[in-house]
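> Before anything else, here's the structure in question.
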Amino acid sequence: METVETETLMAKPNKMTVDQKMKDLFHHFSTAKPHLDVHNEVLDKPWFYKIWDVDQKFLFLHNNMVLAAPRDSNSPGTHNGARTLSCVESGGGQPQLNLEDRGIMDLYREKQELKSFTFFCKSGSSKETGSFQSAAFPGWFISTSSEPNKPISLSHQGGAEITEFYFEKTKS
């Protein structure tokens, strides 16, 4: 969920639909031999994406939190990708996002089901947007506040929180 430097301040989604992006991602990793990609190269690096909500707030890792904020010249850049979002139950019984020090490729290589780290991508109101639903907590989606510089959270769709995102694969 980390971002990389770009040349423009306002992001424009590429023309691929969310369904096409997901198909490419799963094809790449599912057609590979264990730990090898389709070119017999070691699968040791995840694909990285820049992600922003429909209000043009990008997701950034800052001070051990994932924030949604407008992108500007002071926006943080890429990190090493060794942290992963998970969904856990809070003390009040409501699910919450947790940032864990686990690499996505380590999770990929594990043989057990890891629902707390799994999010289903569902097409949004346009073909270029998608929502990320927790596998561990169906009906709960990654969301941003309408206010900038707030941490991302989980919410139900249809409320005040934003649950639709653009995302684009980066070169990292």
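All of the numbers you see were taken from the coordinates with simple rules; none came from a lab. Here the structure is a predicted model, which is why all the values come from computation and not from measurement.
> Give a residue-ordered list of calculated ³J(HN,Hα) values for the range 88-101 (Karplus: 6.51 cos²θ - 1.76 cosθ + 1.60, θ = phi - 60°; whole Hz; x for Gly, Pro).
Here the 3J(HN,Hα) series is 10, 7, 7, x, x, x, 8, x, 9, 7, 9, 9, 10, 7 Hz.
> Using only the Cα atoms of the range 72-172, build the gyration tensor, take square roots of its eigenvalues as a ≥ b ≥ c, and label the shape rounded, prolate or oblate: rounded if a/c is under 1.5, else prolate if a/b is larger than b/c, else oblate. Intermediate values should be presented prior to the final figure.
On the way: a/c = 1.36, a/b = 1.05, b/c = 1.30.
Rounded.
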